[in-house]
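Nothing in this text is a laboratory measurement; each read-out follows from the coordinates by a stated rule. Remember, it's a predicted structure, so these values are computed and weren't measured experimentally. Methodologically, a virtual Cβ is constructed for each residue, glycine included, from the backbone with ideal geometry; neighbour enumeration extends over all protein chains shown.
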Amino acid sequence: MFYVYILKSVKNGAYYVGSCGNIDVRIDQHNKGLVPSTKRYLPWDLVHRDKFDTLKGARRRELQIKSWKNRKAIENLIKHFKI
């Protein structure tokens, strides 16, 4: 299984969109400061995830969400598809 996930910074409310194979390990890496791009906004909460059979499908969805460039669109996704 592969995942697309959205994290929300407890510190400042920023969102981060990513994809991975092991979501528990990846979120742990984010919250331990091991991911340079998210390190300064610790801690992070998982607010959304989608499951995919292939990494290609997960990456495609990740890029789609990132292309929205609209905070409101991400918040609507989170609101309508709660984890």
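The gain in end-to-end length when the K39 to K69 segment is fully stretched comes to 8.7 nm, 0.36 nm per residue minus the alpha carbon separation. When you count the other C-beta atoms within 10 angstrom of each residue and take the mean per peptide, 3-14, 23-34, 69-80 line up highest first as 3-14, 23-34, 69-80.
The ellipsoid that matches the Cα gyration tensor of the chain has semi-axes, each √(5λ) in whole angstrom, of 18, 16, 11, with the longest given first. Using C-alpha pairs below 8 Å separated by at least 6 residues, the relative contact order for the chain is 35 percent.
Approximating the spin labels as points 7 Å out from Cα along Cα→Cβ, the K79-to-T54 distance works out to 3.4 nm.
Charges at C-beta only: +1 for Lys and Arg, -1 for Asp and Glu. How large is the resulting dipole of the chain about its Cα centre, in Debye rounded to 20?
300 debye
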